[in-house]
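Structure, as structure tokens:
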Amino acid sequence: MADKILLVDDEESIVESIEYALNQEGFEVVSAHNGQEALQKVQLEKPNLIVLDLMLPELSGLEVCRILRRERNEIPIIMLTAKGEEIDRVIGLEVGADDYLVKPFSLRELIARIRALLRRSKIADTDDAAPQMHQYEDLEMNLTEHKVTVRGKQVELSPKEFKILAMLMSAPNKVFSREELLEQVWGLDFYGDTKTVDVHIRWLREKIEKDPSNPQYVQTVRGFGYRLGG
């Protein structure tokens, strides 16, 4: 069965060109032209991946992404943006996008990134089949149910924050470089820099630490990366 791609963009010419290219590669494509329609299509069509423009009428791509991740929707998202500033890319990744492309881009590159994200998504689905738990002091993680509790209270993490914490909890006291975290959480095909990791670590600490400026769990190893515990 062909993978289904939801393409969300309000520029008809872009939708037509991308849809044609994806159809030629064997993908099934459904489209939406604004944020509200995109959310409806996610529920109706159950796509395997979303290509989502940042600037949309009614609801922006950022808001669509926030809503989907708030609902624990793990569909891979590639965000499209006409803006090249780093802050726009970081915000997109922060709210839960898995990758981004700055317009104009080549259709070949978009297809390559779609295939890479779909591969990683299918591997993750296989890995999640067996129940798994991590625990460190009073920090608990249920990988199967995608739940994290701190001092007995459940906290809501974004998909990227969850993956970072899972990696750190898989080997307490082991130091993970920013490059390792970037490769494992964002994938080899991600073209951003290590500042993205620092942003997500900061947000993770704000959710799990009593005092984010003096963390109990996620420690910085200056000049190298991060580890869980001292």
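Please verify whether the range 33-41 includes one or more residues that are within 19 Å of the chain's Cα centre (by Cα), assigned by TED's automatic domain parsing to the domain that holds VAL102 and over 20 Å from ALA82 (Cβ atoms). Before you say what the answer is, go through the steps one by one.
Looking only at the range 33-41, we keep the residues that are within 19 Å of the chain's Cα centre (by Cα), and these are 35, 38-39.
From what's left, assigned by TED's automatic domain parsing to the domain that holds VAL102: 35, 38-39.
Subsequent filtering for residues that are over 20 Å from ALA82 (Cβ atoms) retains 39.
Looking through the range 33-41, at least one residue is within 19 Å of the chain's Cα centre (by Cα), assigned by TED's automatic domain parsing to the domain that holds VAL102 and over 20 Å from ALA82 (Cβ atoms).
Quick one: which of VAL51, VAL64 is at pLDDT 95 or above and in contact with a Leu (Cβ under 9 Å, 6 or more places away or on another chain)? First the steps, then the outcome.
Numbers: VAL64 fails: at pLDDT 95 or above.
Unique residue meeting the criteria: VAL51.
I'd like the full set of residues that are among the charged types (D, E, K, R), modelled with pLDDT of 75 or more and out of contact with any helix residue (DSSP H, G or I) (no Cβ under 6 Å at 6 or more places or on another chain), limited to the range 75-106. Walk me through it before giving the result.
Keep residues of the range 75-106 that are among the charged types (D, E, K, R), which gives 83, 85-86, 88-89, 94, 98-99, 103.
Right, trim to modelled with pLDDT of 75 or more and you get 98-99, 103.
LYS103 - this is the single residue of the range 75-106 that is among the charged types (D, E, K, R), modelled with pLDDT of 75 or more and out of contact with any helix residue (DSSP H, G or I) (no Cβ under 6 Å at 6 or more places or on another chain).
The values are calculated or read from the model by the stated rules, or taken from the named source; none is laboratory data. Keep in mind the model is a prediction, meaning the values are calculated, not measured. Cβ atoms come from the backbone with ideal geometry, glycine included; neighbour counts cover every protein chain shown.
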